[in-house]
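What follows is one structure encoded as structure tokens, with my remarks underneath.
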Amino acid sequence: MKKILCAVLVLLMLAGLMVLVPSGTIVRAEIVTYAVDAKSVLPPQDAGYLSDWEYEDPSISVKIEKGRIYDTDYVAAHVKIANASQMRSAYEGNFTNTYTMMGTTLARNVNAVFAINGDYFPGRNFRGHIVRQGKVATHYKCDGAYDVLLIDDAGDLHIIKNAREEDIAAFSGTVVNAYTFGPGLVIDGIRQTNFVDQKNAAFSEAQRMCLAQVGPLEYLCICSEGPEDPGSVGLTLEQFAELVSSFENVQNAYNLDGGSSSTMVFRVRNPKTGKLAYDKINSPNNPKRRPLYDILYFASAYQPD
């Protein structure tokens with residue numbers, strides 16, 4: 001009889017856990033693993049926001065720092081996650097339209113801990129290899145014009161330089177997200193140089209954004225201000241690559257959409273009310289905020305008792 005009662009109690013506890021976590025997740029103690037196509041993720045913990053520049057729970061840490069180079073301010077976010085399913089993408093509308101939304105709204109809608117803008121692939125006329133959460137959005141004219149970023153199911157970044165059809169086909173991993181903007185700033189630990197202009201204002205001093213990997217499930221998101229920001233002049237791609245490669249252990253770093261699309265979103269505390277709200281934390285003195293088509297974000301996977 002005691003054994004039966006114990007078994008019933010265990011089943012009730014498991015049923016309770018199933019109710020508490022979003023659909024499409026696998027429970028591992030207090031950390032969940034999301035399915036690639038999961039429609040929702042766990043919200044971040046309010047107590048995890050240690051300051052306006054730091055978040056930490058058992059599944060993710062985000063530490064944000066500011067600096068200055070070439071008369072330009074920049075922001076760098078160090079992100080470490082427990083499993084690869086916590087790095088995700090989200091977009092407004094569907095793959096056939098160009099609807100846009102403010103980055104803060106996109107981040108809030110998906111319960112992001114931290115988010116950055118993506119590549120706005122409609123702006124490339126849907127050209128390249130584009131994958132969002134395992135679904136191929138488009139595969140069109142991979143003719144060597146652009147570097148392509150592939151993010152696999154282990155959370156590793158792979159940059160294919162001057163990607164062609166055969167290069168994409170030869171990749172043996174499982175692609176969860178793929179971006180076509182570029183170029184690669186650091187590839188296999190080697191800083192890139194001699195950039196050409198591919199609608200990325202390579203030689204202009206501009207706002208920049210990149211995603212970099214510095215270790216297993218460990219990343220850097222770096223953005224610079226531009227000439228529209230008071231006190232900053234902006235960076236060329238050469239200067240931006242120099243900045244990115246100056247951080248330790250950068251293995252691969254990929255340039256994403258820049259200019260006024262450069263967006264970093266984090267929850268910050270209102271000094272008057274004490275409440276947390278999603279806000280754009282880069283370029284704070286620039287009133288120009290551009291709506292986005294897509295974001296890349298990091299989610300919490302922590303399920304408290």
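Every number in this text was worked out from the coordinates using simple rules, so none of it is lab data. No experiment lies behind these values; they were computed from the predicted model shown. Cβ placement follows ideal geometry from the backbone for every residue including glycine, while neighbour counts extend to all protein chains displayed.
Expressed as a rounded percentage, what relative contact order does the range 139-223 have, with Cα pairs under 8 Å and six or more residues apart? Show your work: numbers first, answer last.
Values: 123 pairs, mean separation 21.9, N = 85.
Relative contact order here is 26 percent.
Global dimensions of the range 44-114 from alpha-carbon coordinates: Rg and Dmax equal 14.9, 40 Å.
Candidates I69, G123, Y179 compared by Cα position along the dipole of the range 55-210: farthest toward the positive end lies G123, with charges placed on Cβ. The spacing between the range 250-305 and the range 108-124, judged by their C-alpha centroids, is 9 Å. Sites counted here are chymotrypsin sites (Phe, Trp or Tyr not before Pro) in a DSSP loop (not H, G, I, E or B) having no more than 14 other Cβ atoms within 10 Å; the longest part of the chain that contains none of them is 100-202.
Kirkwood hydrodynamic radius computed over the range 135-186 comes to 11.1 Å, based on all pairs of distinct alpha carbons. Close amide-amide hydrogen proximity is noted between D152 and H158, V176, each under 5 Å apart and 5 or more residues distant or on a separate chain (H modeled in the peptide plane; Pro and chain starts excluded).
In order along the range 104-114, the Karplus-derived 3J(HN,Hα) couplings, from 6.51 cos²θ - 1.76 cosθ + 1.60 at θ = phi - 60°, round to 5, 5, 4, 5, 5, 5, 10, 6, 5, 7, 8 Hz, and Gly and Pro are given as x. A simple rule links phi to the HN-Hα coupling: the Karplus curve 6.51 cos²θ - 1.76 cosθ + 1.60 with θ = phi - 60°, which for the range 133-146 gives 6, x, 9, 6, 7, 7, 9, 8, 6, 7, 10, x, 6, 10 Hz, with x for Gly and Pro.
For the chain, adding -39500 (n - 2.57) for each run of n ≥ 4 DSSP H residues and dividing by the number of residues yields -4000 deg cm²/dmol at 222 nm.
Relative contact order, percent, of the range 42-298 when contacts are C-alpha pairs under 8 Å separated by at least 6 residues?
Working: 639 pairs, mean separation 67.5, N = 257.
In percent, rounded to a whole number, it is 26.
Placing +1 on the Cβ of every Lys and Arg and -1 on the Cβ of every Asp and Glu, with nothing else charged, gives the range 148-269 a dipole about its Cα centre of roughly 220 debye.
Loop sites by DSSP among the trypsin sites (Lys or Arg not before Pro) of the chain, restricted to those with at most 13 other Cβ atoms within 10 angstrom, leave 40-198 as the longest stretch without any of them. Using Cβ point charges alone (K and R +1, D and E -1), the dipole size of the range 42-298 about the Cα centre works out to roughly 800 debye. For the range 30-47, putting each phi into the Karplus relation 6.51 cos²θ - 1.76 cosθ + 1.60 with θ = phi - 60° gives couplings of 9, 10, 9, 10, 7, 5, 4, 9, 4, 7, 9, 10, 5, x, x, 7, 4, 5 Hz, in residue order, rounded to whole numbers and with x for Gly and Pro. Per-residue Cβ neighbour counts within 10 Å put H129, H158 in the sequence H158, H129, beginning with the fewest.
Computed on the Cα trace of the chain, the radius of gyration divided by the Kirkwood hydrodynamic radius gives Rg/Rh = 1.00.
Just the number: Rg to Rh for the range 146-305, Cα atoms, Kirkwood Rh, two decimals. Can you show the working numbers first?
Working: Rg = 16.8 Å, Rh = 16.9 Å.
When Rh is taken as the Kirkwood radius, the ratio is 0.99.
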